[in-house]
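Enquirer: Here it is, the structure in full.
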There are 2 protein chains.
Amino acid sequence: MPAQMPAIPWHKPRKADPRQPLSRSLIVDTAIRVLDAEGLAGVTMRRVAQELGTGPASLYAHVSNKEELFDLMLEQVTAEIRLPLRPEPERWKDQITEICFEAQRVLTAHRDVALVSLGSIPVGESQLRITEFLLDLLLQVGLPPQVAAWALDALGQIIDTDAYEAWVYNERLARGTDLGAYFDQLRGYLHDLPAERFPTLQRMADAMMEGDGDQRYAFKIEVFLRGLESFLPANAPTPTPPAAAPDRPGPASDDQAWHGPTGGAAGAAGAGG
Amino acid sequence: MPAQMPAIPWHKPRKADPRQPLSRSLIVDTAIRVLDAEGLAGVTMRRVAQELGTGPASLYAHVSNKEELFDLMLEQVTAEIRLPLRPEPERWKDQITEICFEAQRVLTAHRDVALVSLGSIPVGESQLRITEFLLDLLLQVGLPPQVAAWALDALGQIIDTDAYEAWVYNERLARGTDLGAYFDQLRGYLHDLPAERFPTLQRMADAMMEGDGDQRYAFKIEVFLRGLESFLPANAPTPTPPAAAPDRPGPASDDQAWHGPTGGAAGAAGAGG
DNA sequence: TCTTCTAACGAACACTGTTCTACGAGCCGA
DNA sequence: TCGGCTCGTAGAACAGTGTTCGTTAGAAGA
């Protein structure tokens, strides 16, 4: 902060500090600053207002809700996610993996902002930008349109959920919890489970604890991409006949037949991250 | 509620109402009743205490935290999830799909309780019960141990996240939002996107909106299971070499070599649902 | 110069989780 | 039977929260 000039005495100060006037984007920027410093729970209307040298009521002239403010913050953060120059279908799995890690990098850089994304439908410009890129890529690969469309849904969930859990993990670390001891405890707890009721779990305790967050994240993405791959027309005769929901008709394996009209309302799914 | 008998005058009432004394399980049961009626946000210490005819401070003798109360509630709810009698490896995909839908049925029956599960490591008895079953099943199928272990992680995430999103969807419905009009709006919004920036998305608007929550859920599970399937030793020469995180070593495709010591701390992942 | 409009804001409302402290009933040893 | 002690209970309070109301003060338009 540069040294402040003394106020000219006969200029009665407009507000106590002649800041730039309040605006939506200024509020959002400030809120993100608070978010980065203290996490989502620290972003209160009072806290943001205080940072702007005003009261909470003033914010409501530019933002109708705390929820709306959160949405705006998410959109702003999402804009930071960089995408490759163009889709490269010949290495689509690598490219998607890279995007997933880029998204996680950006999301976790802003604490637990991913939590905002979890229940919301991505309609912001930046979110659609990512959706557009991925959708284009998946179609170029040759996936059936409906598979590609629904895959975005799932991809967004993976990204958001993992970003959130990565934050939980980091938070515990930052709060001074000795994670080494914590996980040793957990491992011991699994080992000490009654063998007659939890034989497998007890035997697999070490495997359950294996791998850090990034490895597990990479695994989830890999499994998901391999699953997608099985929907490629080339792999049409899939290893096993595709299962579906217990009673409802699940996704069939015939490829182009996907775009069929079943006429249901869309689910409340959040793709795009 | 049955008609209350008048209090016998010469019996001075113990507290104003001669309820059974406070206890952990009574508090949890009451909290779940409030949860079912008003959602997780409605579960406040005051609200639960009021339901028990007492003040909020009284709860803290049996429950150290609101967070702990939430964990106990989750554990209690998870206990409702029914499992098949025994693993049937020959139809493992169907069985897992059934369990996923059973879990979602129970979770969504209790509003947004799934939110509690999202950031927490599943160590409760009921959660471990499910983990034990699934782990056993996956190993019997012949999946490499480490793949099976990490798969539980991913499965838990799918279940929790989808249950939460299903609740968001149902909530909007319950709050009187006309979802038909809402999704029509959304569809129109996608259709009206500038074609030069979002050509694919615009073209695919209908496919993006296709399918209700259950169909999308079934699709995610199916993709995941097909991905898992590709890790079966029989399928060892997978269509493409397994990709990994950009710089880190991802899961290799050799099967039994998994149980290796990489020595990292476990991630903050929540499996089990 | 006077009016009109609107962004800004102080104060307040109805809440929240949690803690402190006093109260009072039940049990135990004498 | 009686004191003393423990421990579950609960009222009040603290420091917060999101949001709204009614007022004010500054700028724009006539």
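The values are calculated or read from the model by the stated rules, or taken from the named source; none is laboratory data. This structure is a prediction, so every number in the text was calculated from the model and none was measured. Using ideal geometry, Cβ is built from the backbone for each residue, glycine included, and neighbour counts are taken over all protein chains shown.
Enquirer: For residue A:100, all conditions in the list (1) part of a helix (DSSP H, G or I); (2) under 17 Å from residue A:37 (Cβ atoms) hold save one; what is the number of the exception?
Expert: (2)
Enquirer: Something else about it: Filter segment B:165-203 for residues that are outside any helix (DSSP H, G or I) and among the aromatic types (Phe, Trp, Tyr) and give the result.
Expert: Selection gives B:198 alone.
Enquirer: Here's another thing I want to ask about it. Just to be sure before I move on: is residue B:98 under 21 Å from residue B:229 (Cβ atoms), among the acidic types (Asp, Glu) and at pLDDT 95 or above in the structure I sent?
Expert: The answer is yes for residue B:98.
Enquirer: Any residue that is in contact with a Ser or Thr (Cβ under 6 Å, 6 or more places away or on another chain) and small (Gly, Ala, Ser) - is there at least one of those in segment A:61-83?
Expert: yes
Enquirer: May I pose another question? For residue B:32, state whether it is within 16 Å of DNA strand C (Cβ to nearest atom) and in contact (Cβ under 8 Å) with a residue 40 or more places away in the chain.
Expert: yes
Enquirer: Take the conditions over 27 Å from residue B:174 (Cα atoms), touching a residue at least 60 places away in the same chain (Cβ under 8 Å) and away from DNA strand C (no atom under 15 Å from the Cβ) and apply them to residue B:85. Does it pass?
Expert: Taking the combined requirement at face value, the residue does not satisfy it.
Enquirer: Continuing with the same structure: List the residue pairs whose Cβ atoms are under 9 Å apart, where the first residue sits in segment B:40-54 and is within 12 Å of residue B:26 (Cα to Cα), the second is near DNA strand C (Cβ under 8 Å from one of its atoms), and the two are 6 or more positions apart or on different chains.
Expert: Short answer, once both residue conditions are applied: B:48/B:56; B:48/B:59; B:48/B:69; B:49/B:55; B:49/B:56; B:49/B:57; B:49/B:59; B:52/B:59.
Enquirer: Another one. Hey, among B:200, B:177, which residue is modelled with pLDDT under 90 and of a type in the set (Val, Ile, Thr)?
Expert: B:177
Enquirer: Would you call residue A:89 at pLDDT below 95 and in contact with a helix residue (DSSP H, G or I) (Cβ under 7 Å, 6 or more places away or on another chain)?
Expert: Here the answer is no, as residue A:89 does not meet what is asked.
Enquirer: While we're here: Output the residue which, of all residues in segment A:38-50 that are in a helix (DSSP H, G or I) and within 14 Å of chain B (Cβ to nearest Cβ), is farthest from DNA strand C (Cβ to nearest atom).
Expert: A:40
Each row is one residue, and each column tells you yes or no for (1) part of a helix (DSSP H, G or I); (2) more than 12 Å from the chain's Cα centre (by Cα).
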| residue | (1), (2) |
| --- | --- |
| A:85 | no, yes |
| A:112 | no, no |
| A:115 | yes, no |
| A:127 | yes, no |
| A:131 | yes, yes |
| A:139 | yes, yes |
| A:151 | yes, yes |
| A:156 | yes, no |
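Enquirer: For segment B:51-76, name all the residues that are surrounded by 12 or more Cβ atoms within 10 Å (Cβ to Cβ), within 11 Å of DNA strand C (Cβ to nearest atom) and farther than 28 Å from residue B:103 by Cα.
Expert: Those that are surrounded by 12 or more Cβ atoms within 10 Å (Cβ to Cβ), within 11 Å of DNA strand C (Cβ to nearest atom) and farther than 28 Å from residue B:103 by Cα: B:56, B:58, B:59, B:60.
Enquirer: Then there is this: So, in segment A:204-214, how many residues would count as being crowded, with 17+ Cβ neighbours inside 10 Å and more than 7 Å from chain B (Cβ to nearest Cβ)?
Expert: The total comes to 1.
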